[in-house]
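Scroll down for the structure; my scribbles are underneath it.
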Amino acid sequence: QKEVEQNSGPLSVPEGAIASLNCTYSDRVSQSFFWYRQYSGKSPELIMSIYSNGDKEDGRFTAQLNKASQYVSLLIRDSQPSDSATYLCAANNAGNMLTFGGGTRLMVKP
Amino acid sequence: GAVVSQHPSWVICKSGTSVKIECRSLDFQATTMFWYRQFPKQSLMLMATSNEGSKATYEQGVEKDKFLINHASLTLSTLTVTSAHPEDSSFYICSATPGGGTLTDTQYFGPGTRLTVL
């Protein structure tokens with residue numbers, strides 16, 4: 001069974017710190033990976049996608065992919081209280097379907 | 001770009017009635033749309049995948065006669081919850097993927113519809 005695993009948290013970081021969110025996946029044929037942010041009571045919002053090994057930066061966010069280790073991470077620099085949310089990692093395995101992890105709840109404390 | 005809308009945003013209905021939820025891609029044509037359900041404190045659960053002009057593919061355990069999906073155009077998919085019961089109360093979220101280009105596999109989510117069945 002294709003799985004995407006995340007630590008459910010909560011991950012608590014102080015304001016201004018770097019938050020590191022991790023995700024592992026089981027299906028080696030996965031090609032595309034996505035990070036979504038979901039605030040309580042809202043739908044997921046796309047933060048970043050990553051397709052190649054290495055780092056991809058977008059503002060305060062950096063996604064990292066290591067296909068050999070089947071590992072994806074998301075770093076949030078200068079964390080703000082408004083970043084407090086659940087972060088969902090997803091892998092595209094076949095066609096357009098995504099397999100989601102259970103999400104990591106991030107709490108950024110002022 | 002890549003905006004997906006849903007209507008209604010919330011609905012309250014009586015047990016036994018049917019509810020229709022619309023999902024629209026506003027600025028792109030969606031070759032595929034997905035319907036998810038999310039219960040409180042739980043992750044997204046894929047219900048079905050629909051491609052324009054063809055029958056939806058339902059995930060195991062999802063009753064296709066209860067959750068009717070129609071994807072009549074490249075910008076509109078509808079989910080009808082038939083004979084709704086209190087256990088169908090949930091947050092229903094659709095997503096859509098555009099056709100063509102390097103980001104064809106990116107799913108963009110609608111804002112969700114909160115259904116409460118009394």
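Run down A:Gly102, A:Gly54, A:Gly59, A:Gly41 and say which single residue is at positive phi and modelled with pLDDT under 95. Reasoning before the result, please.
Working: A:Gly102 fails: at positive phi; A:Gly54 fails: modelled with pLDDT under 95; A:Gly59 fails: modelled with pLDDT under 95.
Going through A:Gly102, A:Gly54, A:Gly59, A:Gly41 in turn, just one is at positive phi and modelled with pLDDT under 95: A:Gly41.
From B:Thr49, B:Thr17, B:Thr78, grab the single residue that is within 10 Å of chain A (Cβ to nearest Cβ) and at negative phi.
Result: B:Thr49 is the single residue among B:Thr49, B:Thr17, B:Thr78 that is within 10 Å of chain A (Cβ to nearest Cβ) and at negative phi.
Of all residues in the stretch A:16-26, how many are more than 13 Å from the chain's Cα centre (by Cα) and within 14 Å of another protein chain (Cβ to nearest Cβ)?
Going through the stretch A:16-26 one residue at a time, the tally reaches 0.
I'd like the full set of residues that are in a strand (DSSP E or B) and either more than 21 Å from A:Leu98 (Cα to Cα) or of a type outside the set (A, V, I, L, M) (or both), limited to the stretch B:19-36.
We begin by selecting, within the stretch B:19-36, every residue in a strand (DSSP E or B); these are B:19-25, B:30-36.
B:Val19, B:Lys20, B:Ile21, B:Glu22, B:Cys23, B:Arg24, B:Ser25, B:Thr31, B:Thr32, B:Phe34, B:Trp35, B:Tyr36 - these are the residues of the stretch B:19-36 that are in a strand (DSSP E or B) and either more than 21 Å from A:Leu98 (Cα to Cα) or of a type outside the set (A, V, I, L, M) (or both).
Any idea which of (1) outside any strand (DSSP E or B); (2) in contact with a Leu (Cβ under 8 Å, 6 or more places away or on another chain) is the one B:Gly61 doesn't satisfy?
Tallying (1) outside any strand (DSSP E or B); (2) in contact with a Leu (Cβ under 8 Å, 6 or more places away or on another chain), B:Gly61 fails exactly one: (2).
How many residues does the stretch A:34-80 hold that are within 10 Å of another protein chain (Cβ to nearest Cβ) and of a type outside the set (Lys, Arg)?
Here the count works out to 11.
Checking B:Phe39 against (1) hydrophobic (A, V, I, L, M, F, W, C); (2) under 22 Å from B:Val3 (Cα atoms); (3) within 14 Å of chain A (Cβ to nearest Cβ), which single condition isn't satisfied?
Result: B:Phe39 passes all but (2).
If A:Leu88 satisfies every condition in (1) within 11 Å of chain B (Cβ to nearest Cβ); (2) at pLDDT below 95; (3) closer than 28 Å to B:Arg114 by Cβ but one, which is the exception?
The one condition A:Leu88 does not meet is (2).
In the set B:Thr104, B:Thr97, which member is within 11 Å of chain A (Cβ to nearest Cβ), within 27 Å of A:Tyr87 (Cβ to Cβ), part of a strand (DSSP E or B) and modelled with pLDDT under 95? I'd like the intermediate steps shown before the answer.
Numbers: B:Thr104 fails: part of a strand (DSSP E or B).
Result: B:Thr97 is the single residue among B:Thr104, B:Thr97 that is within 11 Å of chain A (Cβ to nearest Cβ), within 27 Å of A:Tyr87 (Cβ to Cβ), part of a strand (DSSP E or B) and modelled with pLDDT under 95.
Looking at B:Phe28, B:Phe109, B:Phe67, can you tell me which residue is farther than 23 Å from A:Asn92 by Cα and among the aromatic types (Phe, Trp, Tyr)?
From the options B:Phe28, B:Phe109, B:Phe67, the qualifying one is B:Phe67.
The values are calculated or read from the model by the stated rules, or taken from the named source; none is laboratory data. Not measured: the values here are computed from a predicted model. A quick note on method: Cβ atoms are made from the backbone with ideal geometry, for glycine too, and the neighbour counts reach across all protein chains shown.
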